[in-house]
Each structure stands twice: as structure tokens, then as C-alpha cells.
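Peer 1: Before anything else, here's the structure in question.
Every number in this text was worked out from the coordinates using simple rules, so none of it is lab data. As the structure is a prediction and not an experimental result, all values here were calculated from the model. Positions of Cβ are generated from backbone atoms using ideal geometry, with glycine treated the same way; all protein chains shown enter the neighbour counts.
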There are 2 protein chains.
Amino acid sequence: MEEPFRIQTEKYAPLEEGRVAAYLAKIGIVVEHLGGEPGGWNVREVGDGNLNMVFIVEGPRGGVVLKQALPYMRLVGEAWPLPLERSYFESLALIEQARAVPHLVPRIFATDRVGAAIVMEYLTPHIILRKALKEGRALPNLAEHMATFLAESLFKTSDLYLTADRKKTLMREFCGNIELCKITEDLVFTDPYRLSSGNRWTTPQLDETAAAFRADAALKAEVQLLKLKFLTSAEALVHGDLHTGSIMVTDDDTRAIDPEFAFFGPMGFDVGALIANMLIAAVAHRVHRPGELGDAYRTWILDEAEQIWTGFDAKFRALWQTQATGDAFTAELFADADGQAALAAARDRYMARLFEDTLGFAGAKMIRRVLGLAHVEDLESIEDPDTRATAESKVLAIGRKLILNRAAITKFGEVLHMVEEIDS
Amino acid sequence: MEEPFRIQTEKYAPLEEGRVAAYLAKIGIVVEHLGGEPGGWNVREVGDGNLNMVFIVEGPRGGVVLKQALPYMRLVGEAWPLPLERSYFESLALIEQARAVPHLVPRIFATDRVGAAIVMEYLTPHIILRKALKEGRALPNLAEHMATFLAESLFKTSDLYLTADRKKTLMREFCGNIELCKITEDLVFTDPYRLSSGNRWTTPQLDETAAAFRADAALKAEVQLLKLKFLTSAEALVHGDLHTGSIMVTDDDTRAIDPEFAFFGPMGFDVGALIANMLIAAVAHRVHRPGELGDAYRTWILDEAEQIWTGFDAKFRALWQTQATGDAFTAELFADADGQAALAAARDRYMARLFEDTLGFAGAKMIRRVLGLAHVEDLESIEDPDTRATAESKVLAIGRKLILNRAAITKFGEVLHMVEEIDS
């Protein structure tokens, strides 16, 4: 893989539309990719200005996206400072993911650590997966692609594939992504279970439910066990925010974007994030599209969720069987028939534990989207508050059950059965 | 805690006896501690020259130890390069441990990162615990002190006590201790289970046993699960080499020394290392001192091993109940009676899992001391090879059983019962 060009900005300053062409004109590979003269490039700002500036730049030959981090986030109403370094961690993560799955992430042309910017491939005519799911789009390759993304990106940054030397060197770098990890620790694992000024929910419909979650001691203990795992389990380089808003799709292409929350954490956090958002999409879909077509698509979403897990499970096992070059489970020790059988049994236990983690993290991700700070369009766009609260209650009930029953669930079919019971 | 003085050496060079006084004369606190004039200080080299140079320097008022890392290790017969940076990691670990248990580690006066040296308190009349156990010394505070060391040093570098910010910042630093971690990964978890040029055992007596261990697929799979935990589970700053040769004692004082293998790893690795070495000492003791006195002391060693675990368990729980300032298990969520009960149940599960880890790591440590590269004096000093092989076979059998049965053992008494069955 070609390393991206490193732009050497001396001092951070937010870019303006008028300066973008000159900024990019210094990068040979970008000039080549866009074609024509910088003066003729079309530049437009398309970000929502909440977290990042996003410019789309098009030339006669192609387009690029220039994404620059802003030093604050406006979502909470007042200034919430955010580290510019997240852009650096995003670029590092994209580079590592591209080693494993170059076709499933945007190509990076250049990075600018001080300027907190990344120049990458302009994905077009891609749309955000969350939107595609709401619209009921046919996405025949979605599960296959995302199972591949998860299996490859997680396996190939784990101790099953990397030497301990390489893994510790990478992990050392990502230990610096402190503030963004802290956002997850608070918003996913803590705030929904206590009174916090950032929390919101559909009120008054869910007031009692929110209070019940804050008082649910058994659930809170389980969520804190998951948080402990998030804090201590450095299994692989996880994307860290792999919801359906972090995936862009066309009918046949799929890309995971925005890994600024990346760090060495538990694999189940990524797999669970995606499955949680698929389950939310399924529950919301029936509200958005009542009737047979909606029901059929909802069933398709649930099938895809299952295939994401089963595909991930199969691909991860296959990688382990064919590319076990890492320092964990030293392949040499299991070369004979007895060794192969013992390793297969250990692999089964490993995958069972990873499934349990996945379900737990999925549950935590579902709950935070209803009771916490950051909600999702699937549910937010249900205008009638009673209808919305009903759908949200189902999401909460599924999330809670996934967490509490995660050790007992052995097949994804049981998850689907649970969803059907709650969302019938 | 006062930070140690930082010596600014420009270039690494091994120190010689004649240069030591001048080297130390620049450090005010050392001059004060030693008293008198540098010219009058008594300097003697006492290291074995295998890994480190160790100078004892005494003045009219007191003494210090100057420990300098050498860039290689001679134990394997030919040059084995070792990173000088291990001295830096040792000093970092000693500083962190001193925040929790200043009375149980040597005081550090000065560190020299480039010179790979540490100036620390001269512990006298301390002797190595391994030697004290062999001699049958009364050590009335051993279990109490080491339970405190383990509970305090592990709890206070964990997410139960530290904020995630502080923990990730510390962990980032220790991710650099790659080479010394790799030594453990190889020598403890891998080499004893394969043909490796560094391995040795009492031959021919244990030839068949060694071959059986290399062919024991179920055991190898369990040991690799433990190795995976060693590679991924960043629970706390572990000492990393806490055998009875890393502890210095008098009748009433106890100090853990030499944490150059320190890194963020699983807590059970430290607790297990100490317990493993106590069990080895117990098995060896009966050989060294046959008869009633020896038997009584052997029973005392086993009692101490039990009290190290039970004391650690009690102290760790108490710290969790009174000093839970970390980001894991956010205390605020468990303030009411229901919360307290749920947290108590979660704590029980946590400690049960930690006990299981402890037993597994203890088993791995016992096996490597008989079949791997680095052996221990307790067993090495048994001159008759048949007698030694018999004791070593018992150590192997206990180690293997600890690993395979670790999930089923719920009380330390079961470990003692197992030892008595095998070493009767």
C-alpha cells in the first residue's frame, strides 16, 4: 500500500472554501487525480459544521473530499472542545484498515497532522447506509462486504495476525486517542444510566422507562462489565463508531468511513455497533413503511444482521486457519492432528466469547440511542411522539435483553426470535 | 511522592568502579544520603554481570545501589541483545508502585535514561526471598506485605482507581517495553511446549515428561489462551516478573524489586507468579530439609501462599469499596442499596475471574521453571538428579493441574489439597 502524502502545515487554521484549491495544488497525486488546473476546480463545503469541515473538490478527471477537524462540537448547544488530533487517529486507522480491506474504505491521498485534515477519495454516488435502509434500497452485497470488513480489519490488527512487536507499536500510538474514547465511555456506558444534562428521550412518554433504566442495578452492573472490557481489552484496532451512519453504499459498493474513535479495544464493540444499528433500522422500518413492502424489507434487514454475524464468524475463522502469523496461539504448537483438534476447540470458545461480547455491546449501543445524548435518524424521524416512543421502547427492550441474556444466547437466530417477540 | 533526580548522560557507556563516585557526586540527594566526601565512599560491584552492573556504594551516613543495564544477556551462552530502555521502564514502574506502596519497594534517588541506570536505596540486611525460604527463615509479615503490594500496586494502576486519561497515558509509555514482554511471551507461554534450543530439563529423567508436555494439545491450547490474555488484557501495571528472586526480605521488611518487565497486563500474572514460586519453594523445601522442621516450614510456606491470595482478595475488595475513583464501575451508578448489592455481585464475579487467571498463570510459571530456559535455585540446588527430577515432576504435575482445572477451583484450599495429593 502506498503511504499517503504528508502535508506539512505549520499551524492549525480552519480552511475556507477560497483557500482549498491552493492547499490541494501542492499535492501531486491530488492534482493528477482531479485533472485540469486548480483555478478550474469546483469546491463546495458540505459538512454540517458540527464536528468537521468537509469540502468536495471536483476537477475534470475526478473528485476528492477534504475533511478537516474543528476544535469543538456544537451538538450539545454550547462549545464542547474536541481534540484536533482525532483527524490524525482517523488517518492512521484508515491506513491500517486499507492494508486489510482497501476496497472497503475510502482511499487516502494525503494527511495533514497539524492542519487536522485528510484528503480522500470522493465517494459518489454513495449515500449513507442509514438513509439507504430507511428508503428500503436493495443492497445485495451489504452483509458480505461488512462481514469482510469486520473480519479482515479486526483479525489483521489482532495478536492472531500481528507480531507482538508490531501490535504494541501500533497500540502505543492509539493510546493517545484519549478524549474520543472518553466520549464513548461516557455516552455509551455511563450517562444513559444516570441523570446527565446531555441525556434526552421522548418525553413524557419514556420518562418512567428512563427512570427504570437508571434504577436497574443488575443492568447497570452488566453495562459496567462491558465498559471495563472496553477499557482493558486491547484485542484489535476497532473502528470505534461503526454505526450505519459511518458506512456509505451504492448498490454494489460499501465503504466504512470516519474511524476517528479508533483504538485498540474489544472486537465485539465494532460487530455489536453495526448489528445494533441494523436492529434499530429494522424496528424503525415498519413504522416508516407500513404494509407488505416495508415488512419484507424489515425481514431483509434482520436477515442481513444475521448474515453480518455469520459471515463475520466464518471469515474470521477462515483467516485464523490460513493466516495465523501472529504471536497468539503460535501455529507451530498445533501442527499435528491432536493440535488441530485442540485449536479448533479453542477457536470455538473464542468465537463464543466474541459473540457474547458482540451482543452485549449491541445492547448498550441500542440503549444509548434512545436514552443518551446522540440519537439516530431512524427513530428521530418518526414525527408522532407516541409512535416514536413505542418504537424506542422496543429498541430499549431488545437492548436490555441482549445485555442480560448475552451469555445464554448461542445462535443469532435467538436474537431474531427475541426481536420478533418484542417487535411483533 | 518526590520525583527522582534525572541524570542527563549524553551517551551510554558501561560504568566502571572507578567512575561511580564521580557519577554520583553530582546528585545532591545522594551526596546527602551517603554523607562524607565522594573520595571516601566505598564502591563495590556485586552484580553477576549477566544482565546488569550493580554497584553498592557506602558512605559514612548510608548506602545506595547503582544499577546499570547492560546491552546483552550472557545466560544463553552467546550474546543475546537486550534493550537498555528496560532500565527506564524499571524506573517508571518503581515510581508508579511507590505512589501506592512506598514502603514495599526500594526508594529511588535518581534515574538516568540514556545511561540506563537507577540509583536506589541500598537494602540491608535484606536477602532474596528465595534464599530465605530455602533456609527456612521466619518471615512473619511476608504474606501480609505481599498481599498489600499486590492489591495496592494492581488496584491503583487499574481502571477501578485511575481515570481513563491517566491510565491510557501511562499505558502508552509502557507499550514501548516490547522486547521484555516478548521474552515472557516466548519463555513462559511458548518455548516449554515446543523444541527450542534454549529449553533444558533434568535429562534423561524428564525426557519423556518433556515430550509429553510438548504433545499435550489440550494443555497447549489452555496455555495459549493465557498467552492471549497476557497479550491483550491491559488491566493494570503489572510487575511482570514477581518471583521469589524479585523480593528482598528481612524478618520484618519486604521489598519488591526489579520490575523491568513491567507493562499493562493481566493482574493474575503477578499474583500467579508469586504463588507459583511459593509452591515450588514448598515442594523443594522437603527435599532440602527432610524431617519435622522441614515439614513444618513447608506447611508454613503453603499457608503463606494461601494467605497471599486471601489477603490480596480481601485488600483488593476493600480498596474497591473505599477508593473506587476510576472510570470503570462508575461509583455514582451504584449508590443506592440495590446498586450496592449488584456491585457486590459483580465484584464477586470479578474476583472469581481473577482467581482463575491467577491459577492459570501460576501453573504456566511452574512449568516454565522446569522445562524452559530459566530455572530456579530451589530446584537447581538439588544435587542428585533423580531426587531433583522427582521434585520437578511434582512441580510440573501441579502446574498442569492448575492450568487445566483453573475454572473449577473456587477456593485456595483446593489448591493446597492438590499440592498435598501430588507432593505427599
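Peer 1: Tell me, which longest segment in chain A has none of the trypsin sites (Lys or Arg not before Pro) that fall in DSSP loops with at most 13 further Cβ atoms within 10 Å?
Peer 2: Here the longest run is A:75-410.
Peer 1: So what are the range B:174-217's ellipsoid semi-axes, whole angstrom, largest first, if each one is the square root of 5 times an eigenvalue of the alpha-carbon gyration tensor?
Peer 2: Over the Cα atoms of the range B:174-217, the semi-axes work out to 26, 11, 6 Å.
Peer 1: List the distances, in nm to one decimal, from the label point of B:Ala374 to the label points of the same position in every other copy, shortest first, placing each label point 7 Å from Cα along the Cα-to-Cβ direction.
Peer 2: Shortest to longest, the spacings are 4.4 nm.
Peer 1: If you don't mind, another one. Picking from B:Ala328, B:Ile257, B:Ile275, whose Cα lies most toward the positive end of the charge dipole for the range B:251-348 (charges on Cβ: Lys, Arg +1; Asp, Glu -1)?
Peer 2: B:Ile275
Peer 1: Toward the positive end of the charge dipole of the protein assembly as shown, about the Cα centre and with charges on Cβ (Lys, Arg +1; Asp, Glu -1), which of B:Asn177, A:Met366, B:Val65 goes farthest?
Peer 2: Ranked along the dipole, the leading option is B:Val65.
Peer 1: For the range A:312-424, just run the numbers: alpha carbon Rg, then divide by 2.2 N^0.38 Å, N being how many residues it has.
Peer 2: Rg over 2.2 N^0.38 Å, computed on Cα atoms: 1.45.
Peer 1: Percent antiparallel among DSSP beta bridges with both residues in the range A:5-121, to the nearest 5?
Peer 2: Around 90 percent antiparallel, to the nearest 5.
Peer 1: Inter-copy label distances at A:Lys11, 7 Å along the Cα→beta-carbon direction, one decimal in nm, shortest first?
Peer 2: Once sorted, the set of distances for A:Lys11 reads 3.9 nm.
Peer 1: Contour minus end-to-end for A:Ala374 and A:Leu404, with contour as 0.36 nm per residue of separation and end-to-end as the Cα-Cα distance?
Peer 2: Roughly 8.5 nm would be gained on extension.
Peer 1: So, in Å, what gap is there between the alpha-carbon centers of the range B:81-111 and the range A:283-301?
Peer 2: Answer, in whole Å: 61.
Peer 1: State which helices in chain A qualify, where a helix is a whole DSSP H run, it must extend 30 Å or more along its own axis by its Cα atoms, and its mean Kyte-Doolittle hydropathy must be at least 0.5.
Peer 2: Span-like helices in chain A: A:267-288.
Peer 1: Here's a follow-up. With the crude spin-label approximation of a point 7 Å out along Cα→Cβ, what separation in nm comes out for B:Arg353 versus A:Thr9?
Peer 2: Here the modelled spin labels are 4.1 nm apart.
Peer 1: Another question, then. Suppose each label sits 7 Å from its Cα in the direction of the beta carbon; what would the B:Ser196-B:Ala337 distance come out to in nanometres?
Peer 2: The answer from the label model is 5.5 nm.
Peer 1: So, one more: What does the range B:127-422 give for Rg and for Dmax, in Å, if only its C-alpha atoms count?
Peer 2: Just the Cα atoms of the range B:127-422 yield Rg and Dmax of 19.1, 63 Å.
Peer 1: Please provide three numbers in whole Å: the alpha-carbon extents of the range A:261-305 along the principal axes, with the largest listed first.
Peer 2: Principal extents (largest minus smallest coordinate, Cα): 43, 17, 10 Å.
Peer 1: Just from its helices, what would the mean residue ellipticity at 222 nm be for chain B, if runs of 4 or more DSSP H residues each count -39500 (n - 2.57) and the sum is divided by every residue, rounded to the nearest 500 deg cm²/dmol?
Peer 2: Helix contribution divided over all residues of chain B: -17500 deg cm²/dmol.
Peer 1: If I take R0 = 45 Å and measure r between the Cβ atoms of A:Arg286 and A:His103 in this structure, what FRET efficiency does the formula 1/(1 + (r/R0)^6) give, to the nearest 0.05?
Peer 2: Computed FRET efficiency for A:Arg286 and A:His103: 0.85.
Peer 1: Residue by residue, what Karplus-based ³J(HN,Hα) values in Hz, rounded to whole numbers, does the range B:55-70 have, using 6.51, -1.76 and 1.60 with θ = phi - 60° and x for Gly and Pro?
Peer 2: 10, 9, 10, 10, x, x, 9, x, x, 9, 10, 10, 10, 10, 6, 9
Peer 1: Here is a follow-up. Looking at the range B:5-121, I'd like the Rg to Rh ratio, where Rg is from alpha-carbon atoms and Rh is Kirkwood's inverse mean 1/r.
Peer 2: 0.97
Peer 1: Would you mind working out the magnitude of the charge dipole of the range B:5-121 relative to its Cα centre, with +1 at each Lys and Arg C-beta and -1 at each Asp and Glu C-beta, to the nearest 20 Debye?
Peer 2: Roughly 220 debye, rounded to the nearest 20.
Peer 1: Which part of the range A:341-362 falls in the paramagnetic zone of A:Thr310, meaning amide N under 19 Å from the point 7 Å along Cα-to-beta-carbon?
Peer 2: So the set is A:348, A:351-356, A:358-359.
Peer 1: For the protein assembly as shown, what is the Kirkwood estimate of the hydrodynamic radius, computed as the reciprocal of the mean inverse distance between distinct Cα atoms, to one decimal in Å?
Peer 2: 29.2 Å
Peer 1: Could you list B:Glu32, B:Glu85 in order of exposure, starting from the residue whose Cβ has the fewest other Cβ atoms within 10 Å?
Peer 2: Fewest to most other Cβ atoms nearby, the residues stand as B:Glu32, B:Glu85.
Peer 1: If you don't mind, there's one more thing I want to ask. Translational diffusion coefficient, Stokes-Einstein: compute it for the range B:1-42 using the Kirkwood radius over C-alpha pairs as Rh, at 25 °C and 0.890 mPa s, and state it as an integer in µm² s⁻¹.
Peer 2: This corresponds to a translational diffusion coefficient of 211 µm²/s.
Peer 1: Order by neighbour count: A:Ser393, B:Ser246, fewest other Cβ atoms within 10 Å first, most last.
Peer 2: Exposure proxy ranking, most exposed first: A:Ser393, B:Ser246.
Peer 1: How much FRET efficiency would the formula 1/(1 + (r/R0)^6) give for A:Glu414 and A:Ala296, where r is the Cβ-Cβ distance and R0 is 22 Å, rounded to 0.05?
Peer 2: It comes to 0.45.
Peer 1: Over 21 Å between C-alpha atoms is what I'm after, so list which of A:Lys167/B:Lys220; A:Lys227/B:Lys220; B:Lys131/B:Lys401; A:Lys182/B:Lys167; B:Lys67/B:Lys182; A:Lys227/A:Lys315 land there.
Peer 2: A:Lys167/B:Lys220; A:Lys227/B:Lys220; B:Lys131/B:Lys401; B:Lys67/B:Lys182; A:Lys227/A:Lys315
Peer 1: So the label point sits 7 Å from Cα along the Cα-to-Cβ vector; using that for B:Glu135, what distances do you get to the other copies, in nanometres, sorted shortest first?
Peer 2: Reported distances to equivalent positions: 8.2 nm.
Peer 1: Quick one: if the Förster radius is 51 Å, what FRET efficiency do A:Glu383 and A:Glu32 give, using the C-beta to C-beta distance and rounding to 0.05?
Peer 2: 0.60
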